[in-house]
Structures are given as structure tokens and as C-alpha cells.
Amino acid sequence: MHNLTRRDLLKLTSLAACGFAIPHPLWSATKEAAAVTSPKPLEPLNRFPCMVQEYFVERLRQCGAAHQKAHAALRTKADAEAYVASVRERIRACFGPFPDKTLLNARTTGVVERDAYRIEKVIFESRPGLLVSGNLYLPKGRPLPSPGVIGVCGHSDSGKAIEAYQSFSQGLARLGYVVFIIDPIGQGERLQYPDAQLKSRIGVGVREHLLAGNQQFLIGEFLGAWRAWDGIRALDYLLTRPEVDPRHVGVTGNSGGGTLTTWLCGLDSRWTMAAPSCFVTTFRRNLENELPADTEQCPPRVLALGLDHEDFIAAMAPKPVILLAKARDYFDIRGTEEAFARLKRLYGLLGAEDNIAMFAGPTTHGYSEENREAMYRWFNRITRISNAQTEPELVIEKDETLWCAPRGQVSELKSRPLPAFTAERAQVLAKQRPKLDRTGLARIVSEALKLPPRNGVPDYRILRPIPSRRYPLPHATAYAVNTEPGVHALVYRLGQERHEARPPQGPPRAVLYVAHHSSDGELRDEPLVRQLLAEEPAAAFCACDVRGIGESRPNTCGQNTFLDPYGSDYFYAIHSLMLDHPYVGQRTHDVLRVFDWLRRCGHTEVHLAALGWGALPATFAALLSELVVQVTLKNALTSYADVAEAETYAWPLSSFLPGVLARFDLPDCYRELLAKKLRQIEPWGANGKP
């Protein structure tokens, strides 16, 4: 019979916690006994759950106030014209340069004949190798050429084939319009992650957009710009058709299609009319209402450049646009009304007040009949092609009737998936990146992080002790270090003696552990913590939660969404990119301010350790601070290139820097940290595994 000593049990428990398989024959029984006798799990501490939300609310309110002030300063037609020119320039800066136009290589793969129109199934290349599927609705028995409309889709699994989008395409065709409606990336016939059965391996729409789009930031690309380019090239194709009158070309779409309609208004001067539905509000309303939006709905630097939703409409002024909304939409109609009021005043200064309108249907989110009819009336007012006030009778087709590819996926026609484009670009950037010495690397890293200046010693709060947290030392004092207005990093100082006042001075050396998800939890459960304590018994030991981690983990965007791809951590990361203030840069600033605080506490050297997500800000802070003399990283990301070149990955947007691979990569930082005794423990690759 086997007998386990207490020492054996502790050793096996430690190995199991590190993920090792335990072959000992009594291990299963021991686990069952431990489950019976082990103490009840503790609820994680979170004393600042609204901190991050309120910080971003204040930032966006400041943006909104500046935006309102700029509008209020417009007094004359010349002022309005200058404003329109300004927003056009800022939109171009926001979306970046588009690629050169290449051959569309358009082909028709089938035709559907109906009573009042026919549908051509069209595939074209918006970029070499990137296939776009679309249905071209051509009216019958009408004098040609006719007005043309580009239709763009919201978040529907079947893309252009869903009933609402078939409906507006058919409705316009029956009224005499030529309509070309295209599938979005990640929906309909354009899945980027199809399995053998041509179903999405990760989820149609939002999940595909996030996975492909977040990854693109690493190479300086933006999914919204790729989708907009699809729309621009669709317009190029539409204008090749002799059936289309180039004097009248419009664009419309709902939800995600309302987003793309809005962006296209600001990105191409050829539109003569537009009708975005169920999107236009304000960025502030979406943030305050804790409403996440897809990657393509959040342009990088858009807030830093002083833009809001209605500015993309303003870029089209004084051409006619109607904002379509819903009274019960989750896109807050108050923001739509605010946007419309500003546009009404701008159009008025331009002498075209009647060219901007708003219609709000009484129901919930969607391109419902009443909103479609408002769009028909608006376009008819401009083109004079029909006097119809209501929607014609429709016949909804089966999805497969509208397929452009034989089995409804262009991947079978060798369309290149977005991750392949991203991987290829990452490899090109790796060859082009200059070699940097330590000084040059530190400068580039600091610039990429967008670090604010650090002045003086940060103030701090002393939080009341919470007993029985089962930390590895008997006592802990928590300090909320004020890293910038409205933001605190939580620092736990462990010790053998009870201490509830300001931190004691010294000793000269301190260990600072930057948490992965929660210092409170990891102080109990993470083997690295005990390893550090054993290695550095004479040093002061502190653990740190940077913003949005542990004790300031947001309780927003629904219940327990923190780790969801569309959850609270993503929510603030994407807003950080719109503010041109990367979230990982904000967290690095928190670590650097904790260094300032530790220095004031008498510590002249720091052994900086970190786990997982915390290893990113720790790496950058160690590179930038002379206070750090030793670095230990566990489960640190191997490289940004590994993420950019992977088809799928597990790292969050909050760990990414936009455009980083054009400037440096993490191995550059790790190389320089060898001079600070860098120790790497089980680095994690793109998929969050050793």
C-alpha cells in the first residue's frame, strides 16, 4: 500500500497547480479528500468595479464637449465649408491610405429571372485574391439608365440573403433602381474560418470580425477600412454597368450595414444620396450605455481626431442624407437626435437644410418595413423615379437561390482569408524593421505606448485590511496608488507583521509582482508568488493590479463578461484605440507610477515579476525604468508576430499595440532585458499555451 507524507502531498499539489499530470496511484483519492477538507473558495476582491468605466466616460465627455464647441463656433457658410473639408481630411487620416485599385475580375455565376427584375449573381475581387459575393438586382420594363444603389448588410448569418436585406433590394428594384448588395467579410458567402462543412469554426459575424479585425491592428490595418474598400470597389463595379445612371448613386444598410453606409459617406465623393439605418448615434452614448461594438465599428484614432458618427455624414454635405433610427433601438436615439441637430445646423449654413432628414420607426432594432419605406421616399424625392409611398409586394427567396458560389462559400473558389493577408504583411514588416539599440528601442516603445508625462510622487489611499485571505505571509496592506486622475493601481504589500499605515521605508530591494487577472487570487494560488518569496526573503514583497485587472475589474457590458471576446476588457481596449491611447500603454503607465511610489518608499532597486497578461506592461516598464534590476516573466507572449501569423489566437486586444510590427516586436524587448537578468518561465504562444 502506498503512503503519502505531508511533504509528498505538498509537492504533488504544487505540480498539479502547474499543469503536470500526476501518475501517483493515490493522487485521485487524495484530490477527493482535499476537496472535502479544503477551505471554501474566496470571492475575489473588487473594490473599484466602476473605476475604468467612469474614467472612459469622463474622457468621452471631454471629447463630446470639444466636439460641441467646434460646432457651436460655426457661424457662416465659409465656416461650414471649412468644417466639411476638415472632417474629410481627418477621416482619411483615421482610415489610412487605401490600396491601389486593381482589376475587379468580375464574373456572373448565375441569373435568377423574376417578374419585375432579374438577379445576377456576381463575384469580384476587391483586392487580388479577396473575393466579394453580391446580388445585382436589375429592374425590367424600365427606361435605362436607372439610379443605382449599393446595399450593405448588418449582422446576419446569411448576409445579403436575410429577409430584411432581400426586402429593400427587391423593393428598390421594383421601384426602378439597380441594386448591388454585397456580403460582408465573415458573413453570408464570405466566412473567413470555414470548416469542412462550410460552417464558421468560431461563429458567424461578430466573432469572425473580432478575431480577424483585432489581429489586423498589429500590422497597422483596420477591418472597417477593408469593409469600406469592398463597398468602394462594389461602387466601381456598379458604375461599369450601362444600366446605371452615374448621376444618381446611393448607399444604404442597417446596423453593421448602417455603420458601413456611414463610413462610406465620408470616404467616397461619388455618392449622391445615402440612408444609414440603425447606427448613427454618438460614441459617448454607446460608451455610457455599455454597448460594445465590433472592431470595424471603432475606427482607430477617431476620437483623438475629434470625430463622431455624424461627421462622416457631414463629409458628404450638402448632398442629401436621411438618418434612419428606431425609438426602441439599443443604438440610443438620443444620440441620433443630437447628431441630427448638429447636421441640421451645418446643412442650414450651407443653404441645404432640406437635404438632411431623420426618420425614427416605433419598433426595435432592424431594417423594418416602415424604415425601408422612409428610405424609398427619400431616394424617390431625389431621383423622381417613382411616386410610391409604400413598399411593393415582395417574394423572399431561399438562401441557396441567391448563392454566387456553388455551395454558398467563396472559400471554395480559393478566396484568400483575412488571416492569410495579415500573416503575409507581418512577414514583410519583419524584414523591413530597422535594428534598434537599447536607446532607440526605448524611445520607439515609449512612443508606441503613448505614455503621458509622470510628475512627482503619486498620492495613494490606505485600504482597510480584509482578514483571512490566505496569503502566503500573515499580513497584507492594500494601497490604491493614484496613477492619473480617476485611476488607481492596487498594490498589496505583504509582511510578517501587521501594518495599517503608510508603507514602511525600505529595505532597498523590493519585488513587484504584476498580476495576470487578480493579485488577490494569485497571491493564494500562483506558484510563482511563493517561488519569489522563497528566493527573496529579505526584500519587500508587493503585488499589483493595473487598471481593469483584479480589484478594478469592470462589472460592465453585462454580467461576468470580462473574458468574453465581446466583453468589458475588449470594450475598453477598443475605446483606447479610438482615443489613440492603447490600453496596454495605460497599464504600463500604471506600473511606472507604482515604481515612482516604491522609490518614495525607500526602494532603490526592483525585481519585477509578472504573469500572463501582466507580462506585457511589465516588459515595457522594465525596459523603460532604471529602477528595475531583475525581471521574471511567466507565461509571457512569445511575440506579436506569432499572433499576427496565426490563424487563431487567445490573446486579448488589451495586450496589443496598433502598428507595432512596423516598429518592433517583443523579442527585441526581451533581448535588451537580458542585461537585467531576464528569466522566462513557460512563455505562451499565440494560443495561450506553452
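Of all residues in the range 37-53, those satisfying the criterion of being in a helix (DSSP H, G or I) and surrounded by 15 or more Cβ atoms within 10 Å (Cβ to Cβ) are MET51, VAL52, GLN53.
Restricting attention to the range 346-387 and to residues that are among the hydrophobic types (A, V, I, L, M, F, W, C) and either assigned to a loop (DSSP other than H, G, I, E, B) or not assigned by TED's automatic domain parsing to the domain that holds PHE312 (or both), the residue that is nearest to ILE162 (Cα to Cα) turns out to be ILE385.
The set of residues from the range 645-690 being closer than 28 Å to GLN192 by Cα and either in contact with a Pro (Cβ under 8 Å, 6 or more places away or on another chain) or among the β-branched types (Val, Ile, Thr) (or both) comprises ALA646, GLU647, THR648, PHE656, LEU657, PRO658, VAL660, TRP684, PRO690. Residue pairs whose Cβ atoms lie under 9 Å apart, sitting 6 or more positions apart in sequence or on different chains, and linking a residue in the range 522-538 that is assigned by TED's automatic domain parsing to the domain that holds LYS634 and part of a helix (DSSP H, G or I) to a partner that is aromatic (Phe, Trp, Tyr) and surrounded by fewer than 20 Cβ atoms within 10 Å (Cβ to Cβ), are LEU523/TYR471; ARG524/TYR471; VAL529/TYR471. Can you tell me which of (1) in contact with a Ser or Thr (Cβ under 8 Å, 6 or more places away or on another chain); (2) assigned to a helix (DSSP H, G or I) is the one GLU81 doesn't meet? All conditions pass for GLU81, except number (1). Would you please name the residue that is surrounded by the fewest Cβ atoms within 10 Å (Cβ to Cβ), looking only at residues in the range 129-156 that are touching an Asp or Glu at 6+ places or on another chain (Cβ under 9 Å) and hydrophobic (A, V, I, L, M, F, W, C)? This residue is LEU144. Looking only at the range 95-107, decide whether some residue is at pLDDT below 95 and either assigned to a loop (DSSP other than H, G, I, E, B) or not charged (D, E, K, R) (or both). Yes - at least one qualifying residue is present in the range 95-107.
Looking at GLN409, GLN432 in this structure, which one is in contact with a Pro (Cβ under 6 Å, 6 or more places away or on another chain), modelled with pLDDT of 95 or more and not basic (Lys, Arg)? It would help to see each step written out before you state the result.
Details: GLN432 fails: in contact with a Pro (Cβ under 6 Å, 6 or more places away or on another chain).
After applying the criteria, what remains is GLN409.
If you check GLY351, GLY335, GLY361 for being touching a Lys or Arg at 6+ places or on another chain (Cβ under 9 Å), of a type outside the set (Lys, Arg), in contact (Cβ under 8 Å) with a residue 12 or more places away in the chain and closer than 18 Å to MET375 by Cα, only one passes: GLY361.
Please work out if CYS557 is of a type in the set (A, V, I, L, M, F, W, C), assigned by TED's automatic domain parsing to the domain that holds LEU512, farther than 30 Å from GLN192 by Cα and touching a residue at least 40 places away in the same chain (Cβ under 8 Å). Reasoning before the result, please.
Values: of a type in the set (A, V, I, L, M, F, W, C): yes; assigned by TED's automatic domain parsing to the domain that holds LEU512: yes; farther than 30 Å from GLN192 by Cα: no; touching a residue at least 40 places away in the same chain (Cβ under 8 Å): yes.
Judged against the criteria, CYS557 is not a match.
Does THR561 satisfy the criteria of being part of a loop (DSSP other than H, G, I, E, B) and either at pLDDT below 95 or out of contact with any Leu (no Cβ under 7 Å at 6 or more places or on another chain) (or both)? If you could, list the steps in order and put the result at the bottom.
Details: part of a loop (DSSP other than H, G, I, E, B): yes; either at pLDDT below 95 or out of contact with any Leu (no Cβ under 7 Å at 6 or more places or on another chain) (or both): yes.
Considered against the rule, which asks whether it is part of a loop (DSSP other than H, G, I, E, B) and either at pLDDT below 95 or out of contact with any Leu (no Cβ under 7 Å at 6 or more places or on another chain) (or both), THR561 comes out as yes.
The values are calculated or read from the model by the stated rules, or taken from the named source; none is laboratory data. Predicted model, so just to flag it, every value in this text is computed and none were measured. Methodologically, a virtual Cβ is constructed for each residue, glycine included, from the backbone with ideal geometry; neighbour enumeration extends over all protein chains shown.
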